[in-house]
Amino acid sequence: MAKEKKGVRLEHISKIYQDPKTKKDFYAVHDTSLEIAPGSFVTLLGPSGCGKTTTLRMIAGFESPDEGEIYLGGEPINALTPNKRDTAMVFQSYALLPHYNIFDNVAYGLKLRKMDKETIKKKVMDILKLVGLEGMEGRMTNQLSGGQQQRVALARALVLEPGVLLFDEPLSNLDAKLRVSMRTEIRRIQQEAGITAVYVTHDQSEAMALSDQIIIMEKGVVAQIGTPQEVYYHPSNEFVADFIGEANFLRGTLVSTDTADIGGHKVAVAASGHDVGGACTLVLRPESAVLGDKGQLPCKVILSCFMGSYQNYHVMVGDTLVKITDFNPKNRKVYQVGDDAWVAFTSEDVHVL
Ligand code: ATP
């Protein structure tokens, strides 16, 4: 449906703002370089204030970078105003025209482009079908649910057939259940339309469910770029490990490229490329370990809670709290508070930082 899938490239982009309190300049985005492949779904993910919206707004042209160049489909676009860029944005607030019906909201941008009536009708009807609003074109937008309004906002952006579709936290105003169903819809629509999408969120499960690539930002810089699996299983640092899902951090020393010493216990690891003899941190996901009568690290159980689909444990390994999620408790011994046990995992279950 898109005329042409376009990629986006940021080269050494920075944005400087003034802190309204201290009046000091600071980098909201600092020396950021990244590449978004044509047709991919890429999420900018990070905590509040990390610079993701600023980055998106620079791609859209609502903000201009103080340093660096942005390219769309290989062309530099810094000098272009938003309406001259081949992008369209879906906002958190929807920003619909309240006294217009669905058809007129979606047709608005095409009318501005002075397209003929028949073409507009065909394009609007096609898009409404794609977003699941077929037959509702006469409804006023102020009589729609939040989810329906977001579909209209999506249709209005898609109908322009932009090279890149930009999303600024589009689901934040919806309730939790609708958010989950709408994100599946957004992914389906993006794939059917075959369009490049850049999506801002601070919700890590949303980013995981939607993305081909996740760009994790921290304090104005890119902390890691990777597939959901890469950032989950091979986080580049503690910030990423902690931000994406739950993580236990086991601190020790790297004895060799395949052994770490954690509190006097030897643990098998895969650590080629790391400095042997130095301090190391092992990232262990709660679902990657189980409790057993033997294992790698001795522990004491301080919380044992049956959650239906899993048994939730908190255990102390020395002074370190370790969380374990056992998804198959029916087939294993269940430990109780006060029990001594072992945390069991293999070298493939831990990631060395
Ligand atoms: P959130 O999830 O809260 O929207 P974000 O990661 O999108 O956060 P940005 O909106 O990009 O963060 O903001 C990055 C930093 O720049 C923040 O510290 C913010 O307060 C600041 N900032 C954003 N816009 C301006 C502005 N126009 N003037 C001054 N500071 C700004």
Just to be sure before I move on: is GLN224 without any contact (Cβ under 8 Å) to a residue 40 or more places away in the chain and touching a strand residue (DSSP E or B) at 6+ places or on another chain (Cβ under 6 Å) in the structure I sent?
yes
Can you name every residue in the range 3-62 that is in a loop (DSSP other than H, G, I, E, B), touching a Leu at 6+ places or on another chain (Cβ under 7 Å) and touching a residue at least 60 places away in the same chain (Cβ under 8 Å)?
LYS6
Unmet requirement for THR55, which otherwise passes all of (1) under 18 Å from VAL200 (Cα atoms); (2) open to solvent by 50 Å² or more (accessible area, probe 1.4 Å); (3) in contact with a strand residue (DSSP E or B) (Cβ under 7 Å, 6 or more places away or on another chain); (4) of a type outside the set (A, V, I, L, M, F, W, C)
(2)
Taking interchain pairs and intrachain pairs at least six residues apart, which have beta carbon atoms under 8 angstrom, with the first residue in the range 108-122 and assigned by TED's automatic domain parsing to the domain that holds THR141 and the second surrounded by 10 or more Cβ atoms within 10 Å (Cβ to Cβ) and among the charged types (D, E, K, R)?
TYR108/ARG156; GLY109/ARG156; LEU110/LYS123; MET115/LYS123; ILE120/LYS111
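Where in the range 234-307 are there strands (runs of 3 or more DSSP E), lying fully within it, with 2 or more residues that are in contact with a Ser or Thr (Cβ under 7 Å, 6 or more places away or on another chain) and open to solvent by 50 Å² or more (accessible area, probe 1.4 Å)? Before you say what the answer is, go through the steps one by one.
On the way: elements: 248-256, 259-262, 265-268, 279-284, 290-292, 297-306.
Per the criteria, 265-268.
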So in the range 185-222, with the set limited to residues that are surrounded by fewer than 19 Cβ atoms within 10 Å (Cβ to Cβ) and on the phi > 0 side of the Ramachandran plot, which one is farthest from the ligand (Cβ to nearest atom)?
GLY194
Filtering the range 132-144 down to residues that are more than 25 Å from the chain's Cα centre (by Cα) and either part of a loop (DSSP other than H, G, I, E, B) or basic (Lys, Arg) (or both) yields LEU133, GLU134, GLY135, MET136, GLU137, GLY138, ARG139, LEU144
In the set LEU44, LEU72, the lone residue that is within 12 Å of the ligand (Cβ to nearest atom), open to solvent by less than 20 Å² (accessible area, probe 1.4 Å) and assigned by TED's automatic domain parsing to the domain that holds PRO162 is LEU44
Would you check if VAL315 is in contact (Cβ under 8 Å) with a residue 12 or more places away in the chain, assigned to a strand (DSSP E or B) and touching a Gly at 6+ places or on another chain (Cβ under 7 Å)?
no
Report, by residue number, each residue of the range 86-99 that is open to solvent by 20 Å² or more (accessible area, probe 1.4 Å) and modelled with pLDDT of 90 or more.
ASP86, THR87, MET89
Go through the range 15-41 and count every residue that is surrounded by 16 or more Cβ atoms within 10 Å (Cβ to Cβ), of a type outside the set (A, V, I, L, M) and away from the ligand (no atom under 12 Å from the Cβ).
4
Within the range 162-177, residues being open to solvent by 10 Å² or more (accessible area, probe 1.4 Å) and either in contact with a Cys (Cβ under 7 Å, 6 or more places away or on another chain) or β-branched (Val, Ile, Thr) (or both) number 0
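Would you call GLU63 touching a helix residue (DSSP H, G or I) at 6+ places or on another chain (Cβ under 9 Å), within 16 Å of the ligand (Cβ to nearest atom), open to solvent by 20 Å² or more (accessible area, probe 1.4 Å) and at pLDDT 90 or above?
For GLU63, the condition - touching a helix residue (DSSP H, G or I) at 6+ places or on another chain (Cβ under 9 Å), within 16 Å of the ligand (Cβ to nearest atom), open to solvent by 20 Å² or more (accessible area, probe 1.4 Å) and at pLDDT 90 or above - is met.
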What is the number of the single condition among (1) part of a strand (DSSP E or B); (2) open to solvent by less than 60 Å² (accessible area, probe 1.4 Å) that ILE225 does not meet?
(2)
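The values are calculated or read from the model by the stated rules, or taken from the named source; none is laboratory data. Note that the structure is a prediction, hence the values are computed from the model and not measured. Reconstructed Cβ throughout: ideal geometry from the backbone, glycine too, with neighbour counts over all protein chains shown. Keep in mind that these areas ignore ligands, DNA and RNA; they rest on the heavy atoms of the full protein, side chains included. Shrake-Rupley method; radii C 1.70, N 1.55, O 1.52, S 1.80 Å.
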